[in-house]
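Asker: Quick one: structure below, then a few questions.
Just so it is clear, none of the values below were taken in a lab; they were calculated from the coordinates. Keep in mind that this is a model prediction, so the values were computed, not measured. Reconstructed Cβ throughout: ideal geometry from the backbone, glycine too, with neighbour counts over all protein chains shown.
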Amino acid sequence: MSQVAVDVPKGGFSFDLCRRNDMLAKKGVQQPSYRKTGTTIVGLIFQDGVILGADTRATEGPIVCDKNCEKIHYMAPNIYCCGAGTAADTEAVTDMVSSQLQLHRYHTGRESRVVTALTLLKKHLFNYQGHVSAALVLGGVDVTGPHLHTIYPHGSTDTLPFATMGSGSLAAMAMFESKYKEGMTRDEGIKLVTEAICSGIFNDLGSGSNVDVCVITKGHKEYLRNHLVPTPRTYVSAEGYKFTKKTEVLFTKITPLTEKVVVLEGGDAMEE
Amino acid sequence: MDQSIQNDLNAPHSMGTTIIGVTYNGGVVLGADSRTSTGVYVANRASDKITQLTDNVYLCRSGSAADSQIVSDYVRHFLHQHTIQLGHPATVKVAANLIRLFSYNNKNMLQTGLIIGGWDKYEGGKIYGVPLGGTILEQPFAIGGSGSTYLYGFFDQEWKEGMTKEEAEQLVVKAVSLAIARDGASGGVVRTVIINSEGVTRNYYPGDALPLWHEELEPQNSLLDILSSSSSGPDMMIS
């Protein structure tokens, strides 16, 4: 047992190239940028369960690469997870744990618990020592009640009644700290979550576009995709796009396929 | 935006912390603040740094949040196995040594200072400190975390053998609130856990119920209240 250490998983991520990357960076070679979700993600516990919220902007450096991406990921019928950080990492890690949870459900015959998802995520992220850049807000309702957790890229977790993550987390937390109270109703909760995400959308450069909300209660969940569109396109030309030159049709030839293909009725069965 | 204060939300989650463990006649009292910081942002202002290892042994965590959580999870698992194999509750010494084995054997990869406290029927209440390198030290009282630097002198003065349970808990609460007053990385509420032959009691002291120290201001609802009333407090800050 004294030999127990963090086991390096066989196959998969190799840390060897990290040294090379550091060396290249010191020489001045620019690292290729990866797609990060700038993000504001939030979660709160209300009287009947959990409400999760997220913005929908994905950025690649200074460019918005996806104006309407989905940051609230499915984990189990009663558990959802918002993800901030590198988009590939959050997608991959939530998909992986979601399938592990499915297998676990088959094994045990029971509804998944939020702490199970939490432990699976935390163990995975700790093993990669923060290199899997996924900061998650995990929420769900199981037999033991509603739960809300935050998980950081290095593998530490917190259990909170309301939580925010991502670059817009400070703006959203300001809304929560001033307006959160225990035992809110569904409508009050959705309103507060929407306000918090909007605060991130308007005050943080890495967050924007629309608000997604997911309400999870005992035995029931509602995924409100694009619940609010606070920044609609205002200038849309009424005439639509006008192309200066229409496509000219130069030549038409129609070949019915039955001329080329011979269809055999019946025939011999295949034999070894 | 000033680059030096721009907080990196991917910075490792560390617990600035003040953690304390104190023995008294009959058991131990563990105490901690509740602030977890990511750079200069307070990621969790009400965290619980005193985690349970077994029914009679608890652990105060400081340093990297991830590392200390993982170590406590592993040790809880092995202690559970050990208890099953042994047939009766594990002793505090065994729990502390398991923590020490993890900390020492993985010293290159872990950054965590821990205080183990508990009660068993052989030795009574015991406190063990396992700081960064994986040393194990049995002590009548132990302090750890960034806020502990402000408490060495305080404990040299105030510590006495054979305190009662109430005296010990008051000492712990006073010490943590002093450290919170001076250390920026400690704050929030004060949590204490008392472990003795009768069982475990958890207490919670909200931040506004703690005593104020030298020139600390009362909590205000708005800066306007301070500025409009005549007070000598804020003059220090206005040049």
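Asker: Give me the one-decimal nm value for the distance between modelled label points at A:L103 and B:S228, 7 Å along each residue's Cα-to-Cβ direction.
Answerer: It is 6.4 nm.
Asker: Another question about this same structure. Which residues' amide hydrogens lie under 5 Å from the amide hydrogen of A:S207, considering only partners 5 or more residues apart or on another chain, with H built in the peptide plane?
Answerer: The answer is A:T39.
Asker: I would also like to ask the following. Which net charge results when you count Lys and Arg as +1 and Asp and Glu as -1 among the other residues whose beta-carbon is under 11 Å from that of B:T36?
Answerer: That works out to +1.
Asker: To the nearest 10 degrees, how steeply does helix A:114-127 sit against the main Cα axis of chain A, on a 0 to 90 scale?
Answerer: Helix A:114-127 sits roughly 80 degrees off the main axis of chain A.
Asker: Quick check: net charge around B:D48, other residues with Cβ under 13 Å of its Cβ, Lys/Arg +1 and Asp/Glu -1?
Answerer: Residues near B:D48 contribute +4 overall.
Asker: Expressed as a rounded percentage, what relative contact order does chain B have, with Cα pairs under 8 Å and six or more residues apart?
Answerer: 25 percent
Asker: Please list 3J(HN,Hα) in residue order for the range B:88-103, calculated via the Karplus relation 6.51 cos²θ - 1.76 cosθ + 1.60 where θ = phi - 60°; whole Hz, with x for glycine and proline.
Answerer: Result, rounded to whole Hz: 8, x, 5, 7, 5, 4, 5, 4, 5, 6, 4, 4, 5, 4, 4, 4.
Asker: Hey, what do the phi angles of the range B:190-195 turn into as Karplus ³J(HN,Hα) couplings, whole Hz, using 6.51/-1.76/1.60 and θ = phi - 60°, x for Gly and Pro?
Answerer: Once rounded to whole Hz, the list reads 10, 10, 10, 10, 10, 10.
Asker: Collect residues whose amide H, placed 1.01 Å from N in the peptide plane, falls under 5 Å from the amide H of B:Y24; neighbours closer than 5 in sequence don't count.
Answerer: B:V29
Asker: Oh, and also: GluC sites (Glu not before Pro), restricted to the range B:110-169: which are DSSP loop and have at most 15 other Cβ atoms within 10 Å?
Answerer: B:E123, B:E161
Asker: A further question on this structure: Measure nothing fancy, just the Cα-based angle from helix B:165-182's long axis to the longest principal axis of chain B, in degrees from 0 to 90, nearest 10.
Answerer: The angle comes out near 50 degrees.
Asker: Loop sites only, by DSSP: take the chymotrypsin sites (Phe, Trp or Tyr not before Pro) in chain A that have at most 14 other C-beta atoms within 10 Å and name the longest stretch containing none of them.
Answerer: Maximal segment without exposed cleavage sites: A:35-234.
Asker: Sort out for me the Cα centre separation of the range B:40-116 from the range A:191-259, rounded to whole Å.
Answerer: 49 Å
Asker: On a straight-distance basis, which aspartates and glutamates could pair with A:K67 in a cross-link, Cα separation under 13 angstrom, same-chain partners fewer than 8 positions away excluded?
Answerer: A:D55, A:D212
Asker: Report Rg(Cα)/(2.2 N^0.38 Å) for the range B:12-230, keeping two decimals.
Answerer: Relative to the rule-of-thumb radius for its length, the range B:12-230 sits at 1.04.
Asker: For peptide A:154-164, how many partner chain Cβ atoms fall within 10 Å of a residue's Cβ, on average?
Answerer: For peptide A:154-164, the averaged partner shielding equals 6.
Asker: The range A:194-266: which GluC sites (Glu not before Pro) are DSSP loop and have at most 15 other beta-carbon atoms within 10 angstrom?
Answerer: Answer by residue number: A:E239, A:E248, A:E265.
Asker: On average, how many beta carbons from a partner chain sit within 10 Å of the beta carbon of a residue in B:53-65?
Answerer: Across B:53-65, the average partner-chain Cβ count within 10 Å equals 1.
Asker: On to the next question. How many angstrom lie between the C-alpha centres of the range A:55-88 and the range A:120-136?
Answerer: Cα centroid to Cα centroid, the span is 17 Å.
Asker: Please compare each pair in B:K49/B:K121; A:K123/B:K93; A:K123/B:K49; B:K93/B:K121; A:K218/B:K49; A:K71/A:K221 to a cut-off of 22 Å on the Cα-Cα distance and tell me which ones are over it.
Answerer: B:K49/B:K121; A:K123/B:K93; A:K218/B:K49
Asker: If I model a spin label as a point 7 Å beyond the Cα along the Cα-Cβ vector, how far apart are those points for A:K260 and A:D16 in nm?
Answerer: 4.9 nm
Asker: With θ set to phi - 60° and the Karplus curve 6.51 cos²θ - 1.76 cosθ + 1.60, what are the ³J(HN,Hα) couplings of the range A:139-149 in order, to the nearest whole Hz, using x for Gly and Pro?
Answerer: Each residue's phi maps through the Karplus curve to give x, x, 10, 10, 4, 8, x, x, 9, 9, 10 Hz.
Asker: Another question, if that's okay. Grab the eigenvalues of the alpha-carbon gyration tensor for the protein assembly as shown, scale each by 5, take roots, and send me the semi-axes largest first in whole angstrom.
Answerer: Equivalent ellipsoid semi-axes, largest first: 49, 32, 23 Å.
Asker: Here is a follow-up. Can you compute the helix-only [θ] at 222 nm over the protein assembly as shown? Use -39500 (n - 2.57) per DSSP H run of at least 4 residues, normalise by all residues, nearest 500 deg cm²/dmol.
Answerer: About -9000 deg cm²/dmol.
Asker: Mind pulling the angle between the C-alpha long axis of helix A:169-179 and the longest principal axis of chain A? Nearest 10 degrees, somewhere in 0 to 90.
Answerer: Between the helix axis and the principal axis of chain A, the angle is about 60 degrees.
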